[in-house]
Structures are given as C-alpha cells and as structure tokens.
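Structure first, commentary second.
Any read-out appearing in this document is the output of simple, stated calculations on the displayed coordinates, not a laboratory observation. Since this is a predicted model, take the numbers as computed values, not measurements. Cβ placement follows ideal geometry from the backbone for every residue including glycine, while neighbour counts extend to all protein chains displayed.
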Amino acid sequence: MKNKILCTLLALILIISYSITVIASSVNASENADTNTTTNTTLQNNESSNTEQNQATNTINNLNQQKEEVEEKINQSSLQLEYVQNEMSNTLLQIQKLDDSIRDYESQINDLNNKVNSYEESIKSMTQELEETTKEYNEKDEIVRERLVAISKAGEVSYLDVLLRSKSLPEFLSSIYFMRQITEVDINLMNEVAQKKEEIENYKQKIENENSETRIIKAKAEQMSIVLSNTRSLQQGYVNSLQENEKKLNDEITAYKNEQLRIETLIMQISTTPSIDIQYTGGALIWPVAVSGTVITSYYGYREHPIQGVVKLHQGLDIGGASYGAPIVATLDGVVSYAGELGSYGNCVMIDHGNGITTLYAHGQKILTERGKQVKQGDLIMEVGSTGNSTGPHCHFEVRINGYTQDPLKYVNPPGN
C-alpha cells in the first residue's frame, strides 16, 4: 500500500514538473513571438519609411534628371543649329526662335505626360494588390474572430483540468501537446493578420503619395500647355506679317529642322536600343575607309551652312580622297543596327559595339551588309558614294556614345599618324 502511494506521488510530481516545463516553454514561445512580432513590425515600419523616403528621393532625382536631359538636348541643339541674323529678317528670326521654344515645350509636356502614365500604371497595379491583400486580410481576420469566440465560449482550460480529465500519463502528455499546437496556430494566425493590416496601410500610403505626385505633374503639364498655346499664338502673329519670299524661306527652314529632328530621333533610338547583349571589350577603332590616300575634308564641330539662314554643327568626320566604290569597313566588332537610306545621310550603316557605343557610316554608294548581322573589325560593310546631302564621293563617319555624337578623333587615328 505504501509503495502504491509512493508511486502515485512520484507520478504526480513528474506530471507537475513536466507541466511547469511546458507552461514555461509556452510562455517563452509566446514572449519570443511577441518580441519577434515587435521587432519585425519595427523593421517593417523602418523599411516602409525608408522605402517611402527613397521613393520620394527617386521621384525628385528622376524629375531633376529629366530636366537635365531636356536642358542637355537644348544646349546640344543650340550648338548644332544656329541662325545667321544677316541672312534673315528680324521677324523671321523671331519666328524660328519661337519655333525652337515650341519644340522644347512639346518635348517637356510629352515627358511629363509619360511620367503621369507611368504613375497611373503603378497606382493601378498597387490598387489591385491592395484589393487582394484586403481580401486575404478579411478572410484571416474572420478566422481569428471565430477562434476567439470559440475560446471565450469554452472558457479557460488549465493544465490541472487536463490532468484531472486524463486517464493516464500518455493521455495527459498528448493533450498538453495538442493544446500547445493549437495555441501556436492561433498566435501565427494573429501575426499574419497584423502583418496583412500593415501591408494594407503601406499600400494606401504609397497610392496616396503617387496620386499626389500625379496631380503635381498634371498641373505642371497644364501650365506648360498654356505657355505653349500662347507661344504658338505669338509665333502665328509674326508669320502673318511675313512677305512671300520670307514665308518661303521660313517653310524651308522649318522643313529642314523637322527632317533633322526625324533623323536624329531615329539615330538616337537605334543607338540606345542594342540588337543583342554585346559588350565593348576595348581596343582602338581602325580607319573606316580601307584605301590609301584618304584625307579628312571636314572635321567634327565645323559649322556647315546647309540652308540659308542656318548653320549646323558637323557631327562627324568627312573622309575624302577615295573614289566611288572604295571599301568602307567596320571599325570595331559589333552588330549592324541599321542598314538603309537615312534622309540627308543617304545610304547609311550603323554598328552597335555594346556599352552604348555606336559608329555610323554615311553617303555610301552601295550597302554590303544587313541589319542584325554580326561583323568583325575590318569587315566590308559599304562602298564609298555620294548619296544623300553630298557634293562628291566621301564617307561621313560618326562615333556616338548613348546616342550623342563625339569627336571621332578621340577614338581613331587618321592614316599617317
């Protein structure tokens, strides 16, 4: 009898000891979960704050970069195209200057509208994500509420209740294990609900920020549209006062500028859209005309006079001293990004060398390559000719970095040097 009592007491001591251990573990797990939740929430808040700050900074940087690019294009245009005042009347000069302003306003408005479209797409995407996250939050929140109601109705269950209801030690241990599992599931579910709620608030804040940016940009575009409209009206007033000969010259200058813009836009698009993912591996360019006796007839930066009243920056080298049909070769390995007629350039070949580096060869008599073809340094690509805006057989050669012209003599040495 004494042994039986001792065994029972020993079993109770073991059960109570295990219960204390389980309770302590449960409390520690709950505290760790709370700590982790608090830490994660703090980190997420910091990340959210940093993300929003970075987003605002990026938006400002993008707008500043956009402004700098527009100013750079304006500056480059002013270097490439100027007006000869003694070859046109003051009225015609004012018309063309206003035309430049109109083109600039149109470009800036287009950039702002693109920015608005980008924000609106982003807002649309985030709104969809917000709806999905809200739906998931509501589903999980409903489950948590149902669990809390069930727990409330069941009342508090202590480890002593479980002990008294258990018929054996294994049954008691099994019951304790399932209680812990249920508690962990409930805690995880509540953490998920809290996380989803925080995600919803973050989405709402981001959408609000981008809506605010969109309103600001739209306001700028509307203001610039008003300025554009007023400038056009002012220009039209000058146009109405032109003489017939002045109107003809004005039309010629405007048509010339439109053609130059079309060609430059096309070259810029080709130069900044690589055919394949190639990399520039370094090395000097070779001379593009593969015959002896060639000379530079026009240098980079020389001011051409293509039309009355206008002077233009020469954007490359003119290489003469070669007869019709002389070989023009690739100055470096690359992929042909354009091969065809190109306005005043005549027959033209462009080669993408990777890393934003493009070379251009113009006025050819015959094109001997095709778009998309991989070429090696020295491969024959075209014959010297006089197509396009040309007065005799020569090769016009350009080097462009990210679409912008550079002095080719920085990259290639002429024969005899």
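Of K115/K248; K312/K410; K312/K376; K135/K220, which sit over 30 Å apart, Cα to Cα?
Numbers: K115/K248 38 Å; K312/K410 21 Å; K312/K376 33 Å; K135/K220 37 Å.
Beyond 30 Å: K115/K248; K312/K376; K135/K220.
Each residue of region 322-336 was assigned a 3J(HN,Hα) from its phi angle through the Karplus expression (A = 6.51, B = -1.76, C = 1.60, θ = phi - 60°), giving 10, 7, 4, x, 4, x, 10, 10, 5, 7, 6, 4, x, 10, 5 Hz with x at Gly and Pro.
Which order do the peptides 389-396, 115-122 come out in when sorted by mean C-beta neighbours inside 10 angstrom, highest first? All intermediate terms of the calculation are to be shown ahead of the outcome.
Details: 389-396: 17.9, 115-122: 15.1.
In decreasing order of mean packing, 389-396, 115-122 become 389-396, 115-122.
Here the Karplus relation 6.51 cos²θ - 1.76 cosθ + 1.60, evaluated at θ = phi - 60°, turns the backbone of region 109-120 into coupling constants of 5, 4, 5, 5, 5, 4, 5, 4, 4, 5, 5, 5 Hz, with x for every Gly and Pro. Close amide H contacts of V384 (hydrogens built in the peptide plane, cut-off under 5 Å, sequence separation of 5 or more or a different chain): G325, A326, I328, Q365. Each residue of region 240-254 was assigned a 3J(HN,Hα) from its phi angle through the Karplus expression (A = 6.51, B = -1.76, C = 1.60, θ = phi - 60°), giving 5, 9, 6, 6, 4, 5, 6, 4, 5, 5, 4, 4, 5, 5, 5 Hz with x at Gly and Pro. About the centre of its Cα atoms, region 275-410 shows a dipole size close to 140 debye [charges on the beta carbon of Lys, Arg (+1) and Asp, Glu (-1) only; nearest 20 debye]. Once backbone amide H atoms are built at 1.01 Å from N, D379 has A330 as its partners under 5 Å, excluding neighbours fewer than 5 places away on the same chain. Taking the number of Cβ atoms within 10 Å of each Cβ as an exposure proxy, the fewest-first ranking of T91, T359 is T91, T359. Once you reduce region 346-400 and region 87-107 to the center of their Cα atoms, the two points are 33 Å from each other.
Residues whose amide H falls under 5 Å from that of R371, counting only those 5 or more places apart or on a different chain, are A339, with hydrogens built in the peptide plane. Summing Lys and Arg as +1 and Asp and Glu as -1 over all other residues whose Cβ lies under 14 Å from the Cβ of I102 gives a net charge of 0.
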